[in-house]
Amino acid sequence: MSAPLPAALTAFAPGDLLAPHVAEALWRATEVHAGAARTVPTGFDALDAQLPGGGWPTHSLTEVLTPQAALCEWRLLGRSLPALMQDGGRLYLIAPPKQPHAGGLAQLGVAQEQILWIDASKPVDRLWATEQILKSTPSGAVLAWLPLARPEQIRRLQIHAQSCDAPVFLFRPMATLVDASPAPLRITVVLAQGWNLEVRIAKRRGACLDESLYLPAMPGNLADVIPPRLHTVPAAPAVAPSRKETTHARTLGRIAPPAAARVTVSH
């Protein structure tokens, strides 16, 4: 019969075995890691309560997986943008699937002169642009649509993001959830009943979260104008995820004229 384990191994008490400053810095994997970097509130109390540090992390990547590009991004991030745009912050958009709508972003608290749109069609150009922005120590928020990024490429971006004081969001297809990712935070978001978003935290620094979060995400400018009966409209049918990169023509439903294909909102 095997001998019993020493008491120090069966009941680990950090305060008894480690120096006080080491015990305070110790993090257990069964706990949600508070993190030392600054975080930005998401605007959803239920989501903040489940994220390490209580909000969107800085000095790190957040990977957002959606069934279709340009479906949930702004409803998920819109509430956090005003705080990020203070003190001269800018919104860096790398290869969004649709041309940014300056009027809609202004309603979210982002002025036109605060938008930097980089229209890069090739995956290698998207990665290069994202990396250069992270190296420039941006202030505000970085949003990059990288559906074809490989794990080693995301790892490189994560290294650069560690010196970036702005939240960095990578938008990728839901199908990539089966692949490993170096991003410390991975969430999935889909449309739910009514104006809600269903969010699942697939990966975080800490204990797993099995249940979904249902976030009320009706745009603020609609709450006062739509009738009550439309507050509970059925959710749109989910679109099957695809690993193929969506072209501008298919995303917009039409062929854009060449002169308008690469018109930036602001420099």
(message) Among Ala149, Thr130, Gln112, which residue has its Cα furthest toward the positive end of the charge dipole of segment 102-158, with +1 on Lys/Arg Cβ and -1 on Asp/Glu Cβ?
(response) Ala149
(request) Convert each backbone phi in segment 219-228 into a coupling constant with the Karplus relation 6.51 cos²θ - 1.76 cosθ + 1.60 (shift: θ = phi - 60°), then list the ³J(HN,Hα) values in order as whole Hz, x for Gly and Pro. (result) x, x, 6, 9, 4, 8, 10, 8, x, x
(request) Take the Cα coordinates of segment 116-188, assign each an equal point scatterer, and use the Debye formula without solvent to give log10 I(q)/I(0) at q = 0.13 Å⁻¹. (result) -0.34
(request) Quantify how much of the Cα-Cα distance distribution of segment 154-198 extends past 17 Å, in percent. (result) 45
(message) From zero outward in steps of 10 Å, how is the percent of C-alpha pairs of segment 48-199 spread across the bins?
(response) 11, 43, 39, 7, 0
(message) Taking the Cα centre as origin and putting +1 on Lys and Arg beta-carbons and -1 on Asp and Glu beta-carbons, what dipole magnitude results for segment 108-224, to the nearest 20 debye?
(response) 480
(message) Suppose accessible area is computed on protein heavy atoms with a 1.4 Å probe; arrange Met85, Met174 from highest to lowest.
(response) Met174, Met85
(message) Tell me the per residue accessible area of segment 72-145 using a 1.4 Å probe; a whole number in Å² is fine.
(response) 42
(message) Rounded to the nearest percent, how much of the accessible area of segment 116-184 (1.4 Å probe, protein heavy atoms only) is carbon and sulfur?
(response) 59
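The values are calculated or read from the model by the stated rules, or taken from the named source; none is laboratory data. For clarity, every value in this text was computed on a predicted model and none was experimentally measured. So basically every Cβ, Gly included, is an ideal-geometry build from the backbone, and we count neighbours across all protein chains shown. For accessibility, only protein heavy atoms count, side chains too; no ligands or nucleic acids. Shrake-Rupley method; radii C 1.70, N 1.55, O 1.52, S 1.80 Å.
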